[in-house]
Amino acid sequence: MPAKRRSQVSPERLETLKRALGPAPKRQQTAAASETTPEASVDEPSLSSAGEASPARRKPEITERDFKGLKYFTLINPLLEGLHDCATERDVAGNRILHYDQYCSLVLLFYFNPIVDSLRGIQQASQLAKIQHNLGCSRASLGSLSEAARVFDADLLRELIPKLAEKVLPTARGKDAEALRGLIAVDGSLLPALPKMAWALWMDENHRAAKMHLHFDVFKGVPADVTLTHGSGSEREQLRLTLLPAHIYVIDRGYEDYQLFQDIVDARSSFIARVQDSVAYKVFEERPLTKEAQEAGVISDVVVKRLGTDHHKNVIKQRVRIVKVQTDKLDPDGKPNVLVLVTNLLDLPAELVALGYKHRWAVELFFRWLKCILGCRHLLANNVNGVEIQVYLGIIASLLISLWTGRKPTKRTLEMVQFYFSGLASWEELQAHIENLKKHD
């Protein structure tokens, strides 16, 4: 059946289009062309002699020259090989071509090579012999990549995150780091989603989002765990479901829930939490402030009998402290802003309570890294399972960089890794960058 002919562009429509695009830049033309063809800017769609708009310029095809350093993936393959048989239970005939470990390697390629920036880019890369040899995969169609995001179990991938985080050595040492050992900053962050992603409930049907709930190991500088919900998912409930022993959870006012505080203690962990300035409490003991505490901005340190008024149920079974810290910021009235912190760490010096909460900012910096620098906010799938796989692999990519370099991931380090994978930097230059990082430890 012949292709449907596009309608001709009328002079009126062409004039409207030119006004919308702005004035055309001047450029040299032949005499014949200047007499017969109106000037057009480089951003305007070119027109044929019949007045038809030519098709948009396609991105160049991905070739084997765009890839280098794939031997790193031979180190990743043993990590992922346990996923190979996922979703093959009903494949008695052995017809599955794209397996879970191969799909994960292709998505990691999306993070590590700037040439691969979309699902179609992943599909093009899978056609190359070099990719197939090093990743152990066959050519993948767009349909099989879309199916993979639905059928493979994302939870199996999430289980790898704590195992990798355990292998990372702390990047911060000293008395303060020892006193705050196990400090985990917890927070949530949104990933914008398309309106057609009905599961990603947030504000309304035109504003969709997925929400990451992240546990960040402050002194290792790496994520320790992550879960994903729709944009309206409860941050408190996700923390409650993922509590582990021997941690100090540092959380902001969005997690203020006295029962959650007790749940953390019941899980044999501790907390440093910011609460509302108007929090009610009964003082049991007021502690004197040391010179170090005053220098850290601490203006009050009290042990309280209970949080809340007599009209509230007393769910916290043990005494806690309230430490007030004055910051350099000003409130709307021009007065210094004061942080009201609650903790069950009765023996921790007040200045370290303030320092522990200050470290909460590390999780915000990691969100910026993950979404804006690593590129995790560009979603490759529309279903919840596919988004979970992509987020978990983004976390794994960050952990791999930390394991390779011995430092927390940065924009500069990611650039060097991407330069290497795209052939712009040599192996020696990448190693020199890593050695330079170690000199600054």
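The table for this structure:
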item: Test for L142: is it surrounded by 16 or more Cβ atoms within 10 Å (Cβ to Cβ), in the same structural domain as Y392 (by TED's automatic domain parsing) and of a type outside the set (D, E, K, R); result: no
item: Residue in segment 347-372 that is surrounded by the fewest Cβ atoms within 10 Å (Cβ to Cβ), counting only those that are closer than 17 Å to L190 by Cβ and hydrophobic (A, V, I, L, M, F, W, C); result: C372
item: Selection within segment 164-191 - out of contact with any Phe, Trp or Tyr (no Cβ under 6 Å at 6 or more places or on another chain), touching a residue at least 60 places away in the same chain (Cβ under 8 Å) and assigned to a strand (DSSP E or B); result: L183, D187, G188, L191
item: Pick from segment 228-250, criterion among the hydroxyl-bearing types (S, T, Y) and crowded, with 20+ Cβ neighbours inside 10 Å, ranking: modelled with the lowest pLDDT; result: T229
item: Close pairs (7 angstrom Cβ cut-off, 6 or more residues apart or separate chains): among the β-branched types (V, I, T) in segment 364-389, assigned to a loop (DSSP other than H, G, I, E, B) and buried (at least 18 other Cβ atoms within 10 Å of the Cβ) anywhere; result: V387/L379; V387/A381; I389/F152
item: Of residues in segment 375-398 being in a helix (DSSP H, G or I) and touching a Pro at 6+ places or on another chain (Cβ under 7 Å), the one farthest from K211 (Cα to Cα); result: S398
item: 3 or more residues under 16 Å from L379 (Cα atoms): qualifying helices (runs of 4 or more DSSP H) within segment 104-152; result: 119-125, 142-151
item: Failed condition for E166, given (1) surrounded by 16 or more Cβ atoms within 10 Å (Cβ to Cβ); (2) at pLDDT 90 or above; result: (1)
item: Which numbered condition A425 misses (of (1) part of a helix (DSSP H, G or I); (2) over 29 Å from L190 (Cβ atoms)); result: (1)
item: Filtered residues of segment 274-316 (kept if under 19 Å from Y255 (Cβ atoms) and loosely packed, with under 11 Cβ neighbours inside 10 Å); result: Q276, S278, K313
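Per-residue answers, yes or no, for (1) of a type in the set (S, T, N, Q); (2) out of contact with any helix residue (DSSP H, G or I) (no Cβ under 8 Å at 6 or more places or on another chain); (3) at pLDDT below 85:
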| position | (1), (2), (3) |
| --- | --- |
| P60 | no, yes, yes |
| E64 | no, no, yes |
| Y103 | no, no, no |
| L108 | no, no, no |
| A172 | no, yes, yes |
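The values are calculated or read from the model by the stated rules, or taken from the named source; none is laboratory data. Since the model is a prediction, treat every value here as computed from it, not as a measurement. Cβ sites come from the backbone with ideal geometry, for glycine too, and all protein chains shown count toward neighbours.
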